[in-house]
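Structure, as C-alpha cells:
Just so it is clear, none of the values below were taken in a lab; they were calculated from the coordinates. All values reported here derive from a predicted model rather than from experimental measurement. Cβ placement follows ideal geometry from the backbone for every residue including glycine, while neighbour counts extend to all protein chains displayed.
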Amino acid sequence: MAEAVLMPQSGISVESCIIGTWKKSVGDTVSVGDVLFDYETDKASFECESTADGVILEIFYHDGDEVNVLKPVCAIGSKGDDISAIRVEAGVGQVAVDDAPSVAGASTQYISAITDESSLSIGPAEPGSEGVVKADPADISPRAKHAAERLGLYTGAAIPSGPNGRTIERDIIALAASGSVASDVSIPSTLVSEPVPVAAVSNDVVAAGTVNIDLPLQAAGPYSDKQFPKIRMLIAEAMHSSLKGSAQLTHHHSFDATEVQAVRKAFKDNAGPVTSGVSIGDMILFTVSRVLTEYPYMNAHLVGASTLRRFERVNLGVAVDTPRGLMVPTIFGADEKSLIEISAEVKELAEAARNGNIDPDLLKGGTFTVSNLGPTGVEMFTPILNPPQIGILGVCGLTTKVRVTESGMEAYPSIGMSLTYDHRAVDGVPASRFAQAVCDRLAQFSILLDI
C-alpha cells in the first residue's frame, strides 16, 4: 500500500515551505531516513527524509514549488499501488495537465489601470478576451498572501506559476519588481486606478515616476546582474517597512570599557573552558537584559498606532550575520539567565543561524534587539528597528578616548552604544535614561555581576 511523504512543519508558526532540490527521482528505491529533497522556510533550510520504504511512485511538487506544511509531496510504495487518493490529497488530482493554466502564455499581460471592479480579470489570456488576463485571487499560498500584504499588492494581479495555476510567493515578488501594477491590500473593494510610481534609474538622472522597465540601463562599462536571494528580498522588505512605518530616532552614547576588559581577561585567564568563552558582547547582552527590567517601557511592542504592550520577561533578539543574510534569533527569558547561560545560548543560536538549520520559532518573539558591529570597527551607526519592537541597541567598536583627571590627561578604552527607538512610543529623555543606565552598569560591570 502506497504511503504519502508530507512536507514537514519546521516550527509551529511555519505554514508553507519552498522545495529546493530533489535528491531522488521517480522510480528510485528509498528507505526510511533517506534524504528526499531539501527545502527552506523564510530564514532556514532543512532536509526532508523519507518516512517510508519502497519505490518513489510519483512526485507531486518540484524544485522551487511552494507547498503547505503537512501536504503530500510524493508517494512511496510498490509498483502498481493505487495512489489516486494521495494525489487528490496533494491537490494535483483535480485538474488534467492539458487543462492547467499556461504560465508562458500569460507572460506580459498586465492590467495597471482598473476602474470597474466587475471587469477585473487577471490571468492567462483567453481567445477573444483582447489580452485580458484572468486568475483566481483566492488560490494563493499563505506565504504569497503574507508577502502581498507586506508589499501592499493585489494578489489577483500576479501571474501564477505554482502547481495548477496557484499563486506562490515568487509570483508576488515578480509582481512587485515589475512596478507596473496597481497596489492596495484592500483591493478589489477599492481598486487603485493608477500604476505604482517606481524609481527611474539612469547614469545621469534619478527621477520618481512610472517607467518602462524594458528600457535598457545605460552602463558605464562591463557589469553583471545577480538576482537577490529570497532572504535578501525579505530583509529588504522588512527594513523598508520599518523605516516607512515608524518614527525612528537614534541617540549615541559610550562607556568606559576598562571594567569589561578586565572581567573578560579574568574569565579567559583563570576560568574553565566554558567561562573562558565569555565575550564583551555577552556581557552587554547580560547587562541589557537586566536594565530592561528597570525600564519596562523599552521592553515593549507598539501595537497598532496607540497601544504600548510591555512584557514582563525580556526576550532578547540578537542580530547575527550569516551567509544567507541577517537573522535575529531570540534568547527567551534572558533576564532570568546567568551570564554563562546567555554566553552559551547566543553561540548555539548563532551557529544554527549560520548553518541554516535554526528552528524558525527561535527567530520570532523578541521584545528588544541588540546589534553588535563592534568587531567590524564601526564607531557609530544607526540600527533599524525590528517592528513591532520599539528599541534596538547598536554596539560599536572599541576606541580610545581622553579625559581630564586631577593628575592631567588620561586615555581610556571606550565602546560606543547607538540606541534607535520609535519616537511614537517613547520620548528622547526616557530613551536616553535607559541607554545611559546600560552604559553606567557596563562601566561598573563587576558590581552588576555580584548582584
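Could you line up Val426, Val404 from fewest to most neighbouring Cβ atoms inside 10 Å? Don't skip to the end; give the middle numbers.
Details: Val426 21, Val404 8.
Least to most surrounded, the residues fall as Val404, Val426.
Taking 8 Å as the Cα distance limit and 6 or more residues as the minimum spacing, I'd like the relative contact order of the stretch 3-94 as a percentage.
Relative contact order for the stretch 3-94 comes out at 33 percent.
Expected output is a single nm value to one decimal: the length gained when fully extending between Ser25 and Asn357, i.e. 0.36 nm times separation in residues minus the C-alpha distance. What is it?
Details: separation 332, 0.36 × 332 = 119.52 nm, distance 2.44 nm.
Between Ser25 and Asn357, full extension yields 117.1 nm more.
Which log10 I(q)/I(0) values does the stretch 3-94 give at q = 0.13, 0.20 Å⁻¹ under the Debye formula, counting every alpha carbon as one identical point scatterer?
-0.38, -0.90
Please go through the residue pairs Lys24/Lys145; Lys244/Lys337; Lys265/Lys401; Lys24/Lys71; Lys24/Lys79 and name each one whose alpha carbons sit more than 23 Å apart in this structure. Don't skip to the answer; put the middle values down first.
Values: Lys24/Lys145 30 Å; Lys244/Lys337 35 Å; Lys265/Lys401 21 Å; Lys24/Lys71 18 Å; Lys24/Lys79 16 Å.
Over 23 Å apart, Cα to Cα: Lys24/Lys145; Lys244/Lys337.
Could you compute Rg(Cα) / (2.2 N^0.38 Å) for the stretch 294-451, with N its residue count?
Numbers: Rg = 16.9 Å, N = 158, 2.2 N^0.38 = 15.1 Å.
Normalised Rg, Cα atoms only: 1.12.
Can you sort Tyr412, Tyr297, Tyr154, Tyr223 from fewest to most other Cβ atoms within 10 Å of each residue's own Cβ?
Values: Tyr412 12, Tyr297 18, Tyr154 23, Tyr223 7.
Exposure proxy ranking, most exposed first: Tyr223, Tyr412, Tyr297, Tyr154.
Roughly how many debye, to the nearest 20, is the charge dipole of the stretch 326-451 about its Cα centre, given +1 on each Lys and Arg Cβ, -1 on each Asp and Glu Cβ, and no other charges? Each step should come with its number before you reach the end.
On the way: 9 positive and 15 negative charges, 68 e Å.
Dipole about the Cα centre, nearest 20: 320 debye.
Give, as a single signed number, the net charge of other residues whose beta carbon lies under 10 Å from the beta carbon of Ala90, with Lys and Arg counted +1 and Asp and Glu -1. Spell out each step's value before the answer.
On the way: positive: Lys71, Arg87; negative: Glu58, Glu89.
Charge balance in the 10 Å sphere: 0.
What's the local net charge at Val426, with K and R +1, D and E -1, over the other residues with C-beta under 12 Å away?
Values: positive: Arg310, Arg424, Arg433; negative: Asp422, Asp427.
Summing Lys/Arg as +1 and Asp/Glu as -1 gives +1.
For q values of 0.13, 0.15, 0.17 Å⁻¹, compute log₁₀ I(q)/I(0) with the Debye formula on a Cα-only model of the stretch 367-451, without solvent.
-0.52, -0.67, -0.83
If I take R0 = 45 Å and measure r between the Cβ atoms of Lys265 and Glu312 in this structure, what FRET efficiency does the formula 1/(1 + (r/R0)^6) give, to the nearest 0.05?
On the way: r = 35 Å, r/R0 = 0.79.
The calculated FRET efficiency here is 0.80.
Provide Glu149, Glu3 in ascending order of the number of other Cβ atoms located within 10 Å of each residue's Cβ, fewest first.
Details: Glu149 12, Glu3 19.
Exposure proxy ranking, most exposed first: Glu149, Glu3.
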